[in-house]
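Written below as structure tokens is the structure these notes are about.
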Amino acid sequence: MQLSRLEKRHYGMGAALVLLMVVSATVLQDQELILPEIGALTAGTWIYQMDGWIHQPTKIFLAPSGTALIGFLINQLPLAYPVKVWLGLLLMLGLLWQLRSSLAPAFATGLLPIIINATHWSFMVAILLFTAILMVGVYAQGRYRTTRAGAPLRVGHLGLFAGVVTVWVGLVWVAGVPQMAGIPPVLVVFFEVLQKPHYSRQMAVKQWVALTGSATLGVLVHVAVPTWWVATLIALPLVFLLLAGLRLKLPAAYAFPLLALVLPTGMFHLLPLSAGLAATFFLGSSLLDHRLRAWWTARQPLEESDS
């Protein structure tokens, strides 16, 4: 993949911000300062500069910070893990609806405190700081002025998202693997593709390979290199090469190497399998939804002509 000088600068700035976060966590020995979805947000806002993400820069700060606070407070409640995930996602949907924001990575920042059992307010301070930096960076780049707003949130999409997540949480709970209830990067991609007018099997396969592959890379690199910032320095370029080989821009994939650094041991070793199974379920559900919508749309003219 050939990159222009401007693109190289954007990649460099994004990588520097993520490394700053991981180095800060290493120096302070505070794992809660590593925020995986900052990697995805950085890729989507500073590197890819996705229209729907940067159109209203203030929401880059408001939406992830708000969902992170929801997740942080829910994590303090004496509830079973899958219930925390399910309740958190429902409240996050409500917040995004109120903000009129379709910023999918906000789900991941909200799930993270539940997944890693964040208990210190340093987690919230880190979220506020790094999302504020991202917001200021988008304002400084200025491209948001020429972008269009993302697709508006629709009740049908939100309801389908909540319904499919409920089924998934129930399945993993019954199966005895509740730790699979929340795989943030997969849920981010699922929320995004639900809102797209078209979604092909080829794209679903590419995204499955990207999500499962980046999760596998994150685990393998961290096993080989236990030092947080060195593992990040190695894993992020590997994810970039994976996405380049797939000809795919998928910011959520950049979250997996960082997620591997902060997961509890029991979830860490299962991450590639969890990512693969969750991606199969959610992307498959989205593909089925798009096929059914296309079938229903195709039937309408026929029914009208018959009448």
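The values are calculated or read from the model by the stated rules, or taken from the named source; none is laboratory data. Since this is a predicted model, take the numbers as computed values, not measurements. Glycine gets a Cβ as well: all are built from the backbone with ideal geometry, and neighbour counts include every protein chain shown.
Go through the stretch 201-213 and count every residue that is within 21 Å of Gly150 (Cβ to Cβ) and free of Cβ contacts under 8 Å to residues at least 12 places away in the same chain. Residues in the stretch 201-213 being within 21 Å of Gly150 (Cβ to Cβ) and free of Cβ contacts under 8 Å to residues at least 12 places away in the same chain: 1 in total. For the stretch 47-68, taking the residues that are surrounded by fewer than 23 Cβ atoms within 10 Å (Cβ to Cβ) and among the aromatic types (Phe, Trp, Tyr), the one that is farthest from Phe123 (Cα to Cα) is identified as Tyr48.
To keep it simple, each residue is scored yes or no on (1) on the phi > 0 side of the Ramachandran plot; (2) in contact with a Gly (Cβ under 8 Å, 6 or more places away or on another chain); (3) touching a residue at least 60 places away in the same chain (Cβ under 8 Å).
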| site | (1), (2), (3) |
| --- | --- |
| Ile34 | no, no, yes |
| Ile38 | no, no, yes |
| Leu41 | no, no, yes |
| Met50 | no, yes, yes |
| Thr58 | no, no, yes |
| Ser65 | no, no, yes |
| Gly71 | no, yes, no |
| Asn75 | no, no, no |
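Yes or no, residue by residue, for (1) surrounded by 13 or more Cβ atoms within 10 Å (Cβ to Cβ); (2) of a type outside the set (S, T, N, Q); (3) touching a residue at least 40 places away in the same chain (Cβ under 8 Å):
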{"residue": "Gly163", "(1), (2), (3)": "no, yes, no"}
{"residue": "Val167", "(1), (2), (3)": "no, yes, no"}
{"residue": "Val172", "(1), (2), (3)": "yes, yes, yes"}
{"residue": "Gly176", "(1), (2), (3)": "no, yes, no"}
{"residue": "Gln179", "(1), (2), (3)": "yes, no, yes"}
{"residue": "Val189", "(1), (2), (3)": "yes, yes, yes"}
{"residue": "Gln195", "(1), (2), (3)": "yes, no, yes"}
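Of Ala260, Ala235, all but one fail to be touching a residue at least 12 places away in the same chain (Cβ under 8 Å), within 14 Å of Pro185 (Cα to Cα) and surrounded by 13 or more Cβ atoms within 10 Å (Cβ to Cβ); the exception is Ala260. Among the residues of the stretch 142-161, those identified as at pLDDT 85 or above and over 18 Å from Arg293 (Cα atoms) are Gly142, Arg143, Tyr144, Arg145, Thr146. When Ile127 is tested against the conditions (1) closer than 23 Å to Gln195 by Cα; (2) in a helix (DSSP H, G or I); (3) within 18 Å of the chain's Cα centre (by Cα), the lone failure is (1).
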